[in-house]
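Before any comments, here is the structure.
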Amino acid sequence: MFVVIGVTGGIAAYKTVQLVRTLVTNGHEVHVVPTGDALRFVGTATWEAVSRNPVTTSVHDDVAEVRHVALGTRAELVIVAPATANTLAKMAAGIADNLLGVTLLATTAPVVVAPAMHTAMWEHAATQANIATLRARGVHVVGPADGALTGGDSGPGRMVEPDDLATAALAVTSAGGDLSGLRVAVSTGGTREPIDPVRFLGNRSSGRQGAALAVAAAERGAEVHLVAAHVDEGVLSAAQRHPRITLTRVSTAAELGAAMTAAAATADIVAMVAAVADFRAAALSHEKLRKEEGLAALDLVENPDVLAGLVAGRRAGQTVIGFAAETAADEAELRERGERKLRRKGVDFLAVNRVAWDAGFEADDNRVLLLDAQGAVAVDAAGSKRAVADALWSAIIAARG
Ligand code: CTP
């Protein structure tokens, strides 16, 4: 999401550094617009480093680009943190004597303000009247919190903690999302079936596409349960921070099956993105197997098909989506394999992608054909795994009606 963060001249500006970091880590594109006074507390270099974007304060920079209008119109969310009494007064009056003021007038995105000031200033009738005006105009006011103030006294006036502010601000943007009110269960990653204490049967699934699907659903308003099998921390970081995502980590197919069956019991949509091992070792050795003792063959037994169980136990109105990574010579073969699997699995949708030694895994980009229950292509999605996730959700939501 394209987020503009306005920073005004209060000591709490140092906390906004953490807010910017959190949003950037969660994959958002953040542009910081400090007021001149804000830069007396935290300088341009810090804002540029944490946001990874250039920072300007003047309406006269990048005039050719009409920067204030560009920022305001591109913004999907504007957060003013800290919001001083002075800036709140200017916002209430529509004063635009700096880049932040102009940006705020140019935007139609949701605006969240996090007031920070001394209690006396917060409680002053002028500030309270300005807050009432802003609220009436649809501005979301988060805080201030009650607690110790910079001067040593205490009372309402502290800026809310940055991670809580990020949570509150993101909740504002997705409240009206097209998945709000829906419960979604997503599995991702690849299971590992132990052979002995040091070895396992595994696969190359990185969990990126499933994590992107979970984050996209949450950002579009869904309550998400993400079941992850062996997914790197970095891949899960955005999901872990999202307030509407519950994360369960699993290892084996049996654990994944139990977690997904529990999550599916209350879910409206179930997406089995995880690569589940089809087989496990018939006998688990509690000692490391040694080659001098001979390891000619490994006896395997078949794992239950988790997806088949979910389809069999499907609740009324529940949409079940399977994923299949297939090797195929061309698109026709990919579709044909996909259609056969779709019928065999009895799912509402099957997302198929072509994989090879050098395609499909661990990459940031993906191409997925979403087949509906009739085998027709509901969407042919390509791009970043997040873009693919959004395209899949749009098609699935459209089909659910
Ligand atoms: N799946 C599952 N449980 C299994 C195997 C697969 O739930 N034991 C799910 C996957 O999560 C995926 C779908 O089934 O959503 C398709 O997985 P895939 O491995 O392609 O299916 P298989 O039935 O194992 O077919 P293949 O013989 O091609 O491996």
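The values are calculated or read from the model by the stated rules, or taken from the named source; none is laboratory data. What you see is a predicted model; the values in this text were computed from it and never measured. With ideal geometry, Cβ positions are generated from the backbone for all residues, glycine too; neighbour counts draw on all protein chains shown. Just the protein is used for accessible areas: all its heavy atoms, side chains included, with ligands, DNA and RNA removed. Shrake-Rupley method; radii C 1.70, N 1.55, O 1.52, S 1.80 Å.
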Where does helix 125-136 land angle-wise versus the long Cα axis of the chain, in degrees 0 to 90, nearest 10?
40 degrees
The percentage of the accessible area of the chain (probe 1.4 Å, all protein chains present) made up of carbon and sulfur atoms, to the nearest whole number, is 52 percent
Protection proxy ranking, peptides 225-236, 81-92, average beta carbon neighbours within 10 Å, highest first:
81-92, 225-236
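Which length gain, in nm to one decimal place, applies between residue 387 and residue 49 when the Cα-Cα distance is subtracted from 0.36 nm times their residue separation?
Working: separation 338, 0.36 × 338 = 121.68 nm, distance 2.62 nm.
Going from the current span to full extension adds 119.1 nm.
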Restricted to segment 183-400, the DSSP antiparallel beta bridge percent, nearest 5, is 40 percent
If the reach is capped at under 19 angstrom between alpha carbons, list the lysines near residue 90, excluding any in the same chain fewer than eight residues apart.
none
Order these peptides, 262-268, 193-199, by their mean beta-carbon neighbour count within 10 angstrom, highest first.
262-268, 193-199
Spin-label model distance (nm) - residue 93 vs residue 377, 7 Å beyond Cα toward Cβ
5.9 nm
Counting only other residues whose beta carbon sits under 12 Å from that of residue 374, what net charge do I get with K and R as +1, D and E as -1?
-2
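Solvent-accessible area per residue for the chain at a 1.4 Å probe radius, Å²?
Working: 18240 Å² over 401 residues.
Normalised by residue count, the accessible surface of the chain is 45 Å².
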